[in-house]
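The values are calculated or read from the model by the stated rules, or taken from the named source; none is laboratory data. Remember, predicted model here, so these are calculated numbers, not experimental data. Remember, those area values only see protein heavy atoms, side chains included, never the ligands or the DNA or RNA. Shrake-Rupley method; radii C 1.70, N 1.55, O 1.52, S 1.80 Å.
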Amino acid sequence: MPSPDLPDHVRKLVTEIEREIGEDDFDGDGRLRGDAAERDGDAAEAELTRPIVGHGSLSTPNGPVEEAVREILLEIGEDPDRQGLKNTPDRVHRMYAELTAGYHVDPHRLINGAVFDVDYSEMVVVKDIPFYSLCEHHLLPFFGTAAVAYIPRGKVIGLSKIPRIVEMYARRLQVQERMTHQIAETLQSILQPRGVAVWVEASHLCAKMRGVRQNEADLTTGCMLGAFEEDSTLRNDFFQRLKLRSAKLEY
Ligand SMILES: [Zn+2]
């Protein structure tokens, strides 16, 4: 069920992540069709991939969030009533709702039956997937690219779904290590492939802007499951394919 209390600008984003333009997976009554609807009945899977619906006050104007932002402005010695800051509490409220829209994405609607039976067992790689996320320790951005690979065991997922799985987890408060694992585990649970590899490279503004721990400003994280964990040849093949991208960029 969509969260009825989401404001329009957040609902629009959630829908964009869940559904491709022109995609229509609902019948007249707003019920999910076919495959997706059947999977809704699977309690175990629902538990694994259920969206987290917050209990915030996203649709309350001049609510506690605006009040809290005003308090921050006062605390840092600003005048929240001066012209440039007058609408800042409202803008900040809307912005955080957008940047955390991933909590409201329903993975079943996102996948929408785009899992196909195939007789193909070579590595599938999607790389250079850009993402923007917020570090949960400072609420400052970290951003970069993700690369996702898997080795099918009879099933593949529509390629456009993978960047949106990344976006679903990026638009939350995150730590990069957890996001990397969540992307890998989600593909593992949807496809049960022979293996999944996820590699994320990102810059963290909380380290860069504050000028501390410069070595942590750029962070790479990986998650190797199944065959990628067990087989170093496969891992090397994966990294080789990522390097081809870097080599190309140097020209
Ligand atoms: Zn941080």
(request) Provide Thr220, Thr186, Thr15, Thr233 ordered by accessible surface of protein heavy atoms (probe 1.4 Å), highest first. (result) Thr233, Thr220, Thr15, Thr186
(request) Order the following by accessible area, largest value first: Tyr103, Tyr150. Probe radius 1.4 Å; ligands, DNA and RNA are ignored. (result) Tyr103, Tyr150
(message) Cross-link candidates for Lys127: which lysines have Cα within less than 16 Å, leaving aside residues fewer than 8 places away along the same chain?
(response) Lys161, Lys243, Lys248
(message) I'd like the accessible area for Arg109, computed on protein heavy atoms only with a 1.4 Å probe and all protein chains in place. Round to 10 Å², please.
(response) 10 Å²
(request) Enter the accessible area per residue of the range 66-212 (Å², integer; probe 1.4 Å; all protein chains in place). (result) 46 Å²
(message) If you count only protein heavy atoms and use a 1.4 Å probe, how large is the accessible surface of Lys86, to the nearest 10 Å²?
(response) 140 Å²
(message) Could you compute how much accessible surface Asp5 exposes when probed at 1.4 Å, giving the result in Å² to the nearest 10?
(response) 80 Å²
